[in-house]
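What follows is a short report on a single structure.
No lab work stands behind these numbers, since they all come straight from the coordinates. On a predicted model such as this, the values are computed, not experimentally measured, just so you know. Here the Cβ positions follow ideal geometry from the backbone for every residue, glycine too, while neighbour counts run over all protein chains shown.
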Amino acid sequence: MKGSTSGCRFNCIVLLCGLVATPGFAASAENRIAPLNYFLHSYGPASTPTMHLGWGFAALLAIIFIIIALLLAVAVFHKRSVEEPRSMGREEQGVMWIYIGTGLSTCILLAMTIYMLITLNKIAKPMHAPALTLTVTGYDWWWKVEYENGDSSRRFVTANEIHIPVGQPVLIKLKSADVIHTFWVPVLAGKTQAIPGLTNQQWIEADVEGVYLGQCTQYCGLQHAHMGLEVVAQSEAEFRAWQDAQRKTAATVSAGDVNTGWKIFLDQCAGCHAVRGTEAKGAHGPDLTHLSSRRLLAGGLLTNTPDHLVQWITRTQELKPGARMPSMALTAAEISALSAFLSTLN
Amino acid sequence: MADVAQDTPNLNLTRVPEIGSATIGSTAEKHLAELWESAPGWRGWLSTVDHKTIGIRYLVTAFIFLLMGGVEALIMRVQLARPNQTLLTPEQYNQLFTMHGITMIFLYSLPVLSGFSNYLWPLMLGSRDMAFPRLNALSYWIFLFAGIFLYASFPLGEAPNAGWFNYVPFAELNYNTGPNIDVYALGMVLLGISTTVGSINFIVTLFRMRAPGMSIGRVPILVWGTLTASVANVFAVPSVSLAFFLLWLDRQMGTHFFDVINGGKPLLWQHLFWMFGHPWVYAVVLPAMGIVFDALPTFCRRPLVGYSAVALSTMATMLLGFGVWIHHMFATGLPTLALSFFGATSMVISIPSGVAVFAWIATIWLGRPVFNTPFLFFAGFVILFVIGGFSGVMVAAVPLDLQLNETYFIVAHLHYVLLGINVFPVVGGIYYWFPKFFGRMMNENLGKWSFWVMFIGFNLGFFPMHVAGLLGMPRRIYTYAPHMG
């Protein structure tokens, strides 16, 4: 991506050149280039009717636009009779234009409205009861994801990465911890605001396995730009395995370096971050119990590699200016110890 | 005042205007001249209440703000020209897009139309001046002061930064501690006073000061447009003034109107803002459409087709315009039934616009057009009007809006509506009325050049944003990563 001069051309140029995105972000073969492209791609019953509605409307309106543009062109350029060059039309003349034109457009609009209402009805509710209920809470500038369970030991919390079983509707309860955010995973469903003081609902369902990108779309402050999320749709078996792994509390490893790292973590990080099964119970930042299992860091800003993790911890304010986490001033030895500890969180 | 001539052609129900006359050289004439003439020198310059002077001031001030908003847009585009660019900090970018919106929507688009209306109303209606000339001057000075007040926050680095629709709780003190939002709130309360006073002035002038014979069926469409816009403003502006005043109380006096923790409702802000916001978008286009309705027939050398239908459609747009504000809030989790109603009204509101389009096409078709600069602007405007209207139908459809909302499709749509339906008629109107304003014609060649540069440039710049939005590009993002496509 070089040399594009505006945000909009940005998109088109990428499309035209067919550039392939960073492999870590490849959602699925088709939507790798524009991961939020909901107009051409849909992977679930909550967004497919909308995509078809979009095609229908766009095509119909494009045709009508061409007709009107032609009418205008003919109106401007058609040959006038030379016999009465000085006559000025009467005021009432031509009113039929308005009656016929408006009558036709009214009929078309009514038909479109009915089509719109049918589509709205289709996407309002899933076909059968949701298999899974999640609570997603928007924070400045990341997403907390809670997998509820009647048995509190089976309940777990993660961040920015939502795993769902493929082919099943999933109900998402949307909340906000601070300002208004909007949950949007375009190839799976339309958007819904997360409003403080309210619990909104949104359902998603993926037809195919894959990783689907989402983004906060309600401007929410300095780092609104970096408030992404991912939905990972997996087969039932894979999803169960993932869920079981997430339910486990952190394993205790007591090698020397890891232990030093754990002390640094308790001292510097545990005020905001939790690691289940330990004394670290901070609730302001993402739960880090299974940090290494996640694909992305920092609300989708970085891929989760050991190198990026170190950069994120030490250069937070440079990479995501305004983020609630400070850049940590640590010595090289402390960093390697902390990394060693964090790498055990899998 | 000497003899009062009364003219009562229809005997009964019509209002009888009071027309006085004073013979030249009489004391009455001198007294009147003293009252009406602006005093010489700088005092007169400051204290003038002449509607023409005020009209020109509105136009010039609005154009200066237009230029400033344009510069802000250019800076933002340079920031977005490359992925991960760091020309601007996120905070600077946020202030820029907020001020760009505020400038274009509040400091340019309505004031520029007030400029036309101030200058032209008394001439079109045959009245001596506006009904309340001093109020008229007040309205202008408050507008200017509010504009300067808002812009004074820029050099301090504390300009409004929560977007022009300024959602709470982000705009509340907990999340936005600087004076940024207080500046916006007070600026909006001031602008609200200016707009309300100006609107009342237009309404009273129309109803009380028309020349005899200027029946309601003969007033130019520009007057219809400004009248409906003014009536709408009188109803809509209190909503936004109240919202900003409550927000200011929350921030400065510790009230809890929008504060969730103490039982406030963030959604209340969205309702109050858009109950004003949606009628407002019609208030900034109806008078501009009026310019086209009045000036286009001149270049087609025939009267407008369907005057009554057009006047009625203007009113209908405004009435329906009060019932569609929820379409800015489709994603707030409302019940499907409510979404259906507001989605349907939002689509139906384009029917009156259809009347307008067919009236323009029929007028051109049945006329003998001359291709002067204003004609080019008006014909180009019809194209942009249709594109903006059609993208409006797309976003009115609830399921589609849930995808399109807050993407670049909205950016494209609102620029087609505001640039297409406001700026193009305004520039065409300037070319058309320039001789009346300043006593000389503008250069025809430069005019044609300016039209083609604007028309092609605008479409090249903004049409692709529809595509970007459909491909999922979110708006209000200070920098995009390369992999986002």
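Taking label positions 7 Å along the Cα-Cβ direction at both residue A:252 and residue A:345, the computed distance is 1.8 nm, reported to one decimal. Computed from Cα positions, the angle between helix A:332-342 and the longest principal axis of chain A comes to roughly 80 degrees. In this structure, residue B:322 and residue B:145 have a Cβ-Cβ separation that, at R0 = 25 Å, corresponds to a calculated FRET efficiency of about 0.25. Peptides B:375-383, A:127-135 ranked from most to least packed give B:375-383, A:127-135, packing being the mean of other C-beta atoms within 10 angstrom over each peptide's residues.
Taking all Cα pairs closer than 8 Å and separated by 6 or more residues, the relative contact order of region B:60-147 comes to 34 percent.
Summing +1 for each Lys or Arg and -1 for each Asp or Glu among the other residues whose beta-carbon sits under 14 angstrom from that of residue B:298 gives +3.
In the structure shown, the pairs A:175/B:265; A:125/A:248; A:281/B:265; A:125/A:191 are assessed against 22 Å; a Cα-Cα span above that value is assigned to A:125/A:248; A:281/B:265. Placing unit charges on the Cβ atoms of the charged side chains and taking the dipole of chain A about its Cα centre, the candidate lying farthest along the positive direction among A:165, A:317, A:289 is A:317. For the pair residue B:211 and residue B:338, a Förster radius of 35 Å applied to the C-beta separation gives a FRET efficiency near 0.15, rounded to the nearest 0.05.
Pull out a ≥ b ≥ c, the square roots of the eigenvalues of the alpha-carbon gyration tensor of region A:254-333, then state rounded if a/c is under 1.5, prolate if not and a/b is larger than b/c, and oblate in the remaining case. Rounded. By DSSP, the beta bridges lying fully in the protein assembly as shown are antiparallel in about 70 percent of cases.
What number, rounded to the nearest 500 deg cm²/dmol, is the helix-based mean residue ellipticity at 222 nm of the protein assembly as shown, given -39500 (n - 2.57) per DSSP H run of at least four residues and division by all its residues? Provide the component values of the computation, followed by the final result.
Values: 26 runs with 437 residues, N = 831.
Calculated mean residue ellipticity at 222 nm is -17500 deg cm²/dmol.
With the dipole of chain A worked out from charges on the C-beta (+1 for Lys and Arg, -1 for Asp and Glu) around the Cα centre, which of A:241, A:52, A:302 lies farthest toward the positive end? Towards the positive end, the residue furthest out is A:52. For the pair residue A:152 and residue A:317 in one chain, pulling the backbone fully straight at 0.36 nm per residue adds 55.8 nm over the alpha carbon distance.
Computed from the C-beta positions of residue A:55 and residue B:42 and an R0 of 41 Å, the FRET efficiency is 0.05 to the nearest 0.05.
Our note on the geometry: Cα centres of region A:267-346 and region B:150-177, 31 Å apart.
Taking a sphere under 12 Å around the Cβ of residue B:136 and counting the other residues whose Cβ falls inside, with K and R at +1 and D and E at -1, yields a net charge of +1. Projected label points at residue B:87 and residue A:305, each 7 Å from Cα along the beta carbon direction, are separated by 3.0 nanometres. Exposure proxy ranking for A:209, B:37, based on other Cβ atoms within 10 angstrom of each Cβ and starting from the fewest, stands as B:37, A:209. Indicate the gyration tensor shape class of region A:192-338 (rounded, prolate or oblate), computed on the Cα atoms with a ≥ b ≥ c the square roots of the eigenvalues: a/c under 1.5 is rounded; otherwise a/b larger than b/c is prolate and the rest oblate. It comes out oblate by the Cα gyration axes. Other residues whose C-beta falls under 12 angstrom from the C-beta of residue A:188 contribute a net charge of -2, scoring Lys and Arg +1 and Asp and Glu -1.
Shielding value for B:384-391 is 3, the average number of Cβ atoms from other chains within 10 Å of each residue's Cβ.
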